[in-house]
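Everything on this sheet refers to the single structure shown next.
Nothing in this text is a laboratory measurement; each read-out follows from the coordinates by a stated rule. Owing to the predicted nature of the structure, the values given are computational and were not obtained by experimental measurement. FYI the Cβ positions are ideal-geometry reconstructions off the backbone, even for glycines, and counts take in every protein chain you see.
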Amino acid sequence: MKSKILELNQEVEKYTANTLKDLENFRVLMLGKKGKITELFSDFKTIPNEEKREIGKLINDLKNFAVNKIAHLKEELETSSGKTYDYDLSLPGYPQKFGSRHPISLVKEELFDIFKNLGFSIAEGPEIEDDWHVFSSLNFPDEHPARDMQDTFFVKSEPEILLRTHTSSVQIRVMEKEKPPIRVICPGRVFRNEAISARAHCIFHQVEGLYVDENVSFADLKQTLLFFAQELFGKDVKIRLRPSYFPFTEPSAEMDVSCNLCNGKGCSVCKYTGWLEILGCGMVDPNVLENCNINSKKYSGYAFGMGIERIAMLKYQVKDLRMYFENDLRFLNQFSSVL
């Protein structure tokens, strides 16, 4: 066994290679599955126990010597050929395409920043809700059309479980857990059983706001919304408040902003009025406060809610709301420069 190891050691030491292919053949001859050095390990089990330590060391030394010799020869051959790799490292890398944020996400984060500057915090809640948080606590009468399956997606009838139609349900949850002063915005996805068109969808996103404290007035609400509109659309934007009705606010109003798609001249999006409705608002109805165990004689508050898609239509001059849901890269890539 010792003489055989010595012969192989001399064979490895004297070996030289002219090509990488020759070197690979030599590697297989010595270290392959049926190679000469590999066979030594197979024969090792026949060695007497008193010689195994010495012979084992010689075989391992031979193997390491062969591995190092082959690696050294390979490096020399690759260097002499002038081509270490199969590709040119001096070439520029493959261009990487950058993704873009969705316009809904961009507008939502901008809204967050505006209202955070006014001291509002963010509150979130479940999309699958019960009747109390979506309707009953918010003063919806039993016969209100929103309670009909033609307007709302119901998941279960007894008890009534549904997909929330607004994020006002989050406001109720906040008022149930916290005591005034409360100043939160409630973003989230909402669902309504509506026909899909350029101006409406059965799934959309809302941001609602709530402020409850002592001596909160409608003037506070108006000033907050004016600041919000000017921060979002620019100092030249105009707003108007029109009397309206919501079960959970009294008095209530709709807020319009001047349409920047047509600069107030009138277009299909603003129905040729020059104005576009973007949110509803009002003073929180005392019954809603009492439903949440808040003393309506001591505290008052205002609330507002807006659809993010509608605001994004104005901000980015998008004329069809359905484009937000089509995942068309030609549309989405336009917003890569907004990042």
Legend entry - Table column - 3J(HN,Hα) (Hz), the range 190-202, Karplus curve with 6.51, -1.76, 1.60, x for Gly and Pro: 10, 9, 9, 7, 10, 5, 7, 8, 5, 10, 8, 8, 7
Legend entry - Size of charge dipole - the range 139-187 - debye, nearest 20, with Cβ of Lys, Arg +1 and Asp, Glu -1, no other charges: 420
Inset, instruction - Using a/c under 1.5 as the rounded threshold, could you call the range 240-317 rounded, prolate or oblate? The axes a ≥ b ≥ c are square roots of the C-alpha gyration tensor eigenvalues, and prolate needs a/b larger than b/c, oblate otherwise. - result: prolate
Inset, instruction - Could you list 224, 273 in order of exposure, starting from the residue whose Cβ has the fewest other Cβ atoms within 10 Å? - result: 273, 224
Legend entry - Total charge dipole magnitude, the chain, about the Cα centre, Cβ charges on Lys, Arg, Asp, Glu only, Debye to nearest 20: 1100
Legend entry - Part-to-part distance (alpha-carbon centres) for the range 92-146 and the range 234-292, which is given in Å: 18
Inset, instruction - Mind checking which of 267, 300, 193 is farthest towards the positive end of the chain's charge dipole, using Cβ charges of +1 (Lys, Arg) and -1 (Asp, Glu) about the Cα centre? - result: 267
Legend entry - Taking only Cα atoms of the chain, radius of gyration then Dmax in Å: 37.3, 107
Inset, instruction - Please work through the chain and write down the cysteines that have no neighbouring cysteine Cβ at a distance under 4.7 Å. - result: 186, 202, 281, 292
Legend entry - Derived scalar couplings ³J(HN,Hα) [the range 106-121; Karplus, 6.51 cos²θ - 1.76 cosθ + 1.60; whole Hz; x for Gly, Pro]: 4, 5, 4, 5, 5, 4, 4, 4, 4, 6, 5, 5, 9, x, 7, 9
Inset, instruction - Within 10 Å of each residue's Cβ, count the other Cβ atoms and sort 155, 67, 216 from fewest upward. - result: 155, 67, 216
Legend entry - Isotropically averaged projected area of the range 16-174, using the convex hull of Cα atoms (one quarter of hull area), nm²: 25.7
Inset, instruction - Starting from the exponent 0.38 and prefactor 2.2 Å, build the expected Rg for the range 9-54 from its residue count and divide its actual Cα Rg by it. - result: 1.45
Inset, instruction - Mind putting a number on the dipole of the range 2-81 about its Cα centre? Charges go on the C-beta only, +1 for Lys and Arg and -1 for Asp and Glu, and I need it in Debye to the nearest 20. - result: 280
Inset, instruction - Would you kindly calculate the translational diffusion coefficient of the range 2-81, applying Stokes-Einstein with the Kirkwood radius from alpha carbon pairs, for 37 °C and a viscosity of 0.692 mPa s, and quote it in µm² s⁻¹ without decimals? - result: 246
Legend entry - Karplus-derived 3J(HN,Hα), 6.51/-1.76/1.60, for each residue of the range 8-23, Hz, glycine and proline x: 5, 5, 5, 5, 5, 5, 7, 5, 10, 10, 9, 9, 5, 5, 4, 5
Legend entry - Cα shape, the range 93-186, gyration tensor, a/c 1.5 rule: oblate
Inset, instruction - Taking the Cβ of each residue in 133, 144 as the centre, tally the other Cβ atoms inside 10 Å and list the residues starting with the fewest. - result: 144, 133
Legend entry - Mean ellipticity per residue at 222 nm, deg cm²/dmol - from DSSP H runs of n ≥ 4 across the chain, formula -39500 (n - 2.57): -11500 deg cm²/dmol
Inset, instruction - Output the pairs from 156/271; 156/179; 116/298; 116/179; 235/319 with a Cα-Cα distance over 29 Å in this structure; if there are none, say none. - result: 156/271; 156/179
Inset, instruction - Would you please classify the overall shape of the range 159-318 from the alpha carbon gyration tensor, given that a ≥ b ≥ c denote the square roots of the eigenvalues, rounded means a/c under 1.5, and beyond that prolate means a/b larger than b/c while oblate covers the rest? - result: oblate
Legend entry - Dipole of the range 2-81, positive direction: furthest Cα of 25, 77, 40, with charges on the beta-carbon: 40
